[in-house]
Amino acid sequence: MTDTLPQRTWFLEGYLGGGKTLRRWMVERAPYGIGRLPAMDLSLPFPSVSGRHAELVLKDGALVVRDLASTNGTFVNRHRIAGEQALQEGDVLHFAECEFRVGHIDVVVKASVDALESATMHAGLSESNLPGQMALGVREFRTMLRTGAVVPVFQPIVELKGGATVGYEVLGRGGQDGLATSPGELFRIAAALGLEAELSRLFRTRGVEDARRLKNAVKVFVNTHPAELGTPELLESLETLRREEPDLPVVLEIHESAVADLERMKELRARIGELDIELAYDDFGAGQARLLELVEVPPHYLKFDLSLIRGLDEAPASRTNMVASLVKVAADIGVVCLAEGIETAAEADACIRLGFAWAQGYHFGRPARLA
């Protein structure tokens, strides 16, 4: 039989072990095993990769990746999958820290066993120096972590009545050549590599280093990532901060979504209290208003999410009454309420009427380098 038929061959391409050459691995059979074990079709000898990490299978002509209950996860386009997911050309796959791009080759071959075997063997032996666009972000990201190439920026926090600057929130931007500056994009890369905590600590450390230049005794609000909570590295980094900056007034921000574990929060509040570090709950109301945690483990500061503040001057009474009630509950237990995301004078006036003490937003100043 000599009819010609289209033949699709899938492949993965990427860098391994710090190499500079983009290599290609042909998916010659299915299932195609991926993991740390030498017997895998694609063996990835890295501690973060599970022995049998994932496999590629074919379903109705489509390539499907299936996670095999790996420890550090399989990600498609930076989103961790549960079970399996169909793939398309150009998708980016992560097996723990190892990154690959999905591609395919469509060729027309003679529909004979000999021809098909010959084509597969030839493809399986090939390695190409392909244009390197896919994995460069990960390599540059690791360089950024290693060299500390981030840029701290500071956004003022003010008293609503009088407008005095009472503090700054320390934020971070990327400073590595060839890498995005946006913290959102950097944390997406970090999530794919399981390095969110490391990036968060780097932003905080570099921010505190720059905060030494603040001449007034204003408070410095530093951020955490939920991945840091419950880890010894968080407290170790705060202890180092306090040793190096014994007099800096520091406030540790915890995102609202990470405040659910009451016992953990009680312990954290006590430990940072011993370091003379205050506590703030960030983005309050972005998900659910955690009133139980607010009462049981009250912070020093409560930062109301901009979704509650934006357009508050024109909001219906139902919304303003709700916000006013939350502010009163917090103020009654001694918590300073701070409105985030204020962009207009009218929003600021509305926040004063509702009882907010402090505020932050573009109306008062954008994040910027210290002069």
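Every residue, every condition in (1) closer than 16 Å to GLY194 by Cβ; (2) of a type in the set (Lys, Arg); (3) at pLDDT 90 or above, yes or no:
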site	(1), (2), (3)
THR2	no, no, no
TYR15	no, no, no
GLY19	no, no, no
ARG24	no, yes, no
ASP41	no, no, yes
VAL49	yes, no, yes
LEU56	no, no, yes
ASP60	no, no, no
HIS104	no, no, no
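Which is under 17 Å from LEU294 (Cα atoms) and touching a Lys or Arg at 6+ places or on another chain (Cβ under 8 Å), of LEU370, LEU312, LEU338?
Result: LEU338 is the single residue among LEU370, LEU312, LEU338 that is under 17 Å from LEU294 (Cα atoms) and touching a Lys or Arg at 6+ places or on another chain (Cβ under 8 Å).
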Query - Flag for ALA330 being of a type outside the set (Ser, Thr, Tyr), without any contact (Cβ under 8 Å) to a residue 40 or more places away in the chain and under 23 Å from LEU279 (Cα atoms) - result: yes
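Filter region 22-43 for residues that are part of a loop (DSSP other than H, G, I, E, B), closer than 19 Å to VAL138 by Cβ and out of contact with any His (no Cβ under 9 Å at 6 or more places or on another chain) and give the result.
Residue satisfying the conditions is LEU22 alone.
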Requested in this report: Look at region 44-72 and say how many of its residues are in a strand (DSSP E or B) and farther than 16 Å from GLU99 by Cβ.
Outcome: 8
Query raised in the report: Which one of the conditions (1) assigned to a strand (DSSP E or B); (2) at pLDDT 85 or above does PRO6 fail to meet, given that it meets all the rest?
Result: (2)
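Being among the small types (Gly, Ala, Ser) and under 19 Å from ASP282 (Cα atoms) is the filter here, so list the residues in region 160-200 that pass it. Reasoning before the result, please.
Filtering region 160-200 for residues among the small types (Gly, Ala, Ser) gives 162-164, 167, 172, 174-175, 178, 180, 182, 184, 190-192, 194, 197, 200.
GLY167, GLY172, GLY184, ALA197, SER200, listed by residue number.
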Query raised in the report: Somewhere in region 158-169, is a residue outside the structural domain of HIS94 (by TED's automatic domain parsing), closer than 30 Å to TYR15 by Cβ and at pLDDT 90 or above?
Result: no
Query - Close pairs from region 244-266: first in the same structural domain as ALA217 (by TED's automatic domain parsing) and at negative phi, partner in a strand (DSSP E or B) and basic (Lys, Arg), Cβ under 7 Å, at least 6 apart - result: PRO249/LYS219; VAL251/LYS219
Query raised in the report: Of all residues in region 167-176, how many are crowded, with 19+ Cβ neighbours inside 10 Å and either assigned to a strand (DSSP E or B) or without any contact (Cβ under 8 Å) to a residue 24 or more places away in the chain (or both)?
Result: 6
Query raised in the report: If we scan region 70-92, do we find a residue that is in contact with a Ser or Thr (Cβ under 8 Å, 6 or more places away or on another chain), of a type in the set (Gly, Ala, Ser) and free of Cβ contacts under 8 Å to residues at least 40 places away in the same chain?
Result: yes
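The values are calculated or read from the model by the stated rules, or taken from the named source; none is laboratory data. From a predicted model like this one, the values you see are computed outputs, not experimental measurements. We place every Cβ from the backbone using ideal geometry, glycine too, and count neighbours over all the protein chains shown.
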